[in-house]
Structure formats: structure tokens, C-alpha cells
Amino acid sequence: MGHFSVSVVGKDRPGIVAEVSRILFEQGCNIEDSTCTILSGQFAMILVVFHPKMAATGELNPAFEEVRSRMGLMVTVHALKDEEVVHEKAFSGAPHIISVYGADRPGIVYMVAKELALRKVNITDLNTQVVGSKDRPVYVMVLEVDLPEGIDMKELEREFDRIRKELSVSITVRPIETMEL
Amino acid sequence: MAVLPILKFPDPLLQQKSAPVESVTPDLSSLIDDLLDTMRASPGGVGISAPQVGILKRIVAVDVSASKRGSQAINNGLLILINPEILAKGGRQIVREGCMSIPDYTANIERAQWVLVDALDRDGKHVILESVGFEAVAIQHEVDHLDGILFLDRVTSIKTDLFRRKKYR
């Protein structure tokens, strides 16, 4: 028995979820966790499933051959170790939102993400979008992060200042405050 | 005066509709004091409703002036609202809410930015008040309790809006 991650990407159209879930049902898998989104017309879904008997990637993977060829879907199956399966998103640090916006240009995500990674800041959510008009596109990125205890915020702010100047973007870091009711 | 135990989800009483208070009598006063003691005993607690302590009466208390963030915003100080009714609301805001009755989770919830509330105060006097921002969120959250609605019922995406607490501060 074991857990698998199943990721599915393909041109969006009705019936993808039905076909993927049919195969999982027929194989005897239990869907424990899933999410999906549509990005620029591409449907993307990731599921964590459990099978009471199967444990190796090779046992579940062939079942998706038919949707790969018939629907043109890219399906990746990967066996997970038990310790990799964590059911709830747990915060280890202080939750913050970082919003970044400016003229669209390459490197915005990388420059910010690099500084965060260097400081062991975990990105728990990331959304990027290009808004504004065609001739004046504005790039918007919103990150949810866990700032680890003891992080040097002054030093991080200095790095962000450098990025602000280099890329002419605005970067705002604010804590996510919880209202206790 | 006493700190009362808080009912925790999935206690079925939390999902019941509370009954209006028929008349504001002196014995209601000790319940209100107990509610305030219970609210203040919870770190950062800025609101409470009677059903959270198992009393299905339409009474809530809100006091955002006790919290750092709330005290910096416009607020009405300590509010005791009996039979509160939200007459009108406007605007939208998203706030990360935590609830004493759901200690393990917090969630991003969309609330109105502004509310107009009709209620009786602790002396039974009829009041109409306006509230904005942080305090307006607290009022909406507590009034929801009177209708058996928890913030979990208002989460639109469990993936992006619901968070497990590391620990309850």
C-alpha cells in the first residue's frame, strides 16, 4: 500500500477530471488531496492518492496510457514515501504577504525568490499575473511566505531595496495578522 | 464573574440558531460579565458570542480597543450588542480570522468593510451604530455565531484560505 502524486497537464476542456478520476476509481485509489487550476488555457491538476495494495510508480502509471494518447494529457505518477505525506499545511514561522509590482520584465520572480531562498524563507503560495493594457503591461506577484524566527529583516529590506532600484518595482512586506474572535 | 468554558467545533450547539432576548433583565447582566471575562481571558480576544459558551441567546460582545491593531483603528470601544441585526453593509475586505471555538485553524475570510448595526445595549436601550474595518469584521463574525455560522462556512477555498495553526497563541 502507498501514496502517489499524480499530476495532469493538458489543454483545458470538459471531461479531464471525469476521465482522470474514473481511472483512479477503477484502479481502487482513494483521492486524499487535490487541487487544480487553469493557466492560459492549460488545465493543471495535482492529486495525492492512496492505494491499499500498490506501492510502486510502475504499478499505477500504465493505467493512464489511454488518456495520454486519447486526450493528449501529460500525466506524471510518482510514488511517495509515507513521511513525505503531510495532510495539513503547517506554519513554521510568521506568515507574511509580499506583494511586488512593476513594469513587466524578466527576472522579477527570480530576484525576489532568490533572496528568500538564501534566508530559508518558505514560499507557501505564489500568484503572478500580468495586468494593465497591452502597451503598458504591469507585472503583479503576490507571495505568501513563512518568515523563519530570527530572520534579519533589516538586511532583507536592504536586498529588496536593491531589487526595487534595479528592476523599478514596488515591494511591500506585511504580516498576516490574525484576528482572534 | 467567571471565565466560562468555550465550546469547540464540532459541538452541535455552535451550529444552532440562537433565540432573541425577550427582555433585558438584571440576571442578563451577570451573563454579560461572564462573557467579557471569558473574552478577555483569551489572548488577543476581541469578541465573543453567547452561543460559544453554550447559551443560545442573541448576545455578543466586541472590544477591539483591547488589541493593538484594533486600538489604532476607528472603533466604538466596548460593545455589548443584544439582538444585533446588520441593517446594511458595504465594501469588501479580506481578513485572517481565528476563532476560540476553532482553535486549530485560521482562515482568510471576506467580510464587509462597513456595517450598520441595530441592537439593544446592556441597559436594554435601542442603539444604531456604524462600524468600519477591524471592528466591523469582529461584529460580522460574532453575529454569524448567533445564526450558527462558523468561519469554516465562509471559507471559499480550503486550499488557499484555510491554515493550520502551529500553536494557539
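The values are calculated or read from the model by the stated rules, or taken from the named source; none is laboratory data. Computed from a predicted model, the values in this text were never measured in an experiment. For neighbour counting, all protein chains shown are included, and Cβ atoms are generated from backbone atoms with ideal geometry for every residue, glycine included.
Here are a few things to note about the model shown:
- Residue in the range B:22-40 that is outside any loop (DSSP other than H, G, I, E, B), within 14 Å of chain A (Cβ to nearest Cβ), more than 14 Å from B:H145 (Cβ to Cβ) and not acidic (D, E) present: yes
- All conditions in (1) out of contact with any helix residue (DSSP H, G or I) (no Cβ under 8 Å at 6 or more places or on another chain); (2) within 27 Å of B:V3 (Cα to Cα); (3) within 14 Å of another protein chain (Cβ to nearest Cβ) hold for B:I94, with the sole exception of (2).
- When each of B:K17, B:K89 is tested for being basic (K, R), assigned to a loop (DSSP other than H, G, I, E, B) and more than 11 Å from every other protein chain (Cβ to nearest Cβ), the lone residue that passes is B:K17.
- Single condition B:D37 does not satisfy, out of (1) in contact with a Gly (Cβ under 9 Å, 6 or more places away or on another chain); (2) farther than 29 Å from B:L162 by Cβ: (1)
- Complete set of residues in the range A:147-177 that are within 14 Å of chain B (Cβ to nearest Cβ) and surrounded by fewer than 19 Cβ atoms within 10 Å (Cβ to Cβ): A:P148, A:E149, A:R174, A:P175, A:I176, A:E177
- Search result, residues across the range B:111-150 that are basic (K, R) and closer than 17 Å to B:G90 by Cβ: B:R111
- Scanning the range B:142-167 for residues that are within 14 Å of another protein chain (Cβ to nearest Cβ) and assigned to a loop (DSSP other than H, G, I, E, B) returns B:I149, B:L150, B:V155, B:T156, B:S157, B:R165, B:K166, B:K167.
- Looking only at the range B:114-141, residues that are free of Cβ contacts under 8 Å to residues at least 24 places away in the same chain and either of a type in the set (D, E, K, R) or part of a loop (DSSP other than H, G, I, E, B) (or both) come to 2 in all.
- Among the residues of the range A:21-56, the ones that are of a type in the set (S, T, N, Q) and modelled with pLDDT under 95 come to 4 in all.
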